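Where a number appears in this text, it was derived from the coordinates with a stated rule and is not lab data. Here the structure is a predicted model, which is why all the values come from computation and not from measurement. With ideal geometry, Cβ positions are generated from the backbone for all residues, glycine too; neighbour counts draw on all protein chains shown.
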Amino acid sequence: MRKMASVQKRSTTQPEIVRLMICEADGGFYLFQYDRDEDGPCLYDDFLEELDDAFEMASSAYGVRREHWRDIPDYPDGCQQDWIAPTRRVPVPNGGSRFERVENRS
């Protein structure tokens, strides 16, 4: 289960948070916080045990009510949870990593 919403009020953080995602994970839910509208990695994340806690945090911190959330597709196995499009981190020769979009193979 993943849901996305645009922030309804200005955040007090710098950089400003403009978009949120809730993603179900083992044992709870991530609330991902983004400083841009474009797809990419989140800036911050919080792990919460209950879905209601994620909704409450989004509401109190960012003004996002339950009716503002929209469902988005789940991520495939092995992909980043915080990206909208299926994306994975792949190693590079210098020991670092880079993000790579996963092609739809259906």
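Between the helical axis of 51-62 and the longest alpha-carbon principal axis of the chain there is an angle of about 70 degrees.
For region 2-73, a/c is less than 1.5, where a ≥ b ≥ c are the root eigenvalues of the C-alpha gyration tensor. That puts it in the rounded class.
What full-extension length gain, to one decimal in nm, is calculated for residue 103 and residue 46 as 0.36 nm per residue of separation minus the Cα-Cα distance?
Full extension from residue 103 to residue 46 adds 17.6 nm.
Restricting to DSSP loop positions (anything but H, G, I, E, B) with no more than 14 other Cβ atoms inside 10 Å of their own Cβ, which GluC sites (Glu not before Pro) remain in region 19-74?
38, 49, 50
What you get for region 30-99, charging only the Cβ of Lys and Arg (+1) and of Asp and Glu (-1), is a dipole of about 440 debye around the Cα centre.
Determine the calculated [θ] at 222 nm for the chain from helices alone, applying -39500 (n - 2.57) to every DSSP H run no shorter than 4 residues and normalising by the residue count; nearest 500 deg cm²/dmol.
Calculated from helices alone, the mean residue ellipticity at 222 nm is -3500 deg cm²/dmol.
Subtract the Cα-Cα distance of residue 56 and residue 94 from 0.36 nm times their separation in residues, and report this length gain in nm to one decimal.
Result for the pair: 9.5 nm of gain on full extension.
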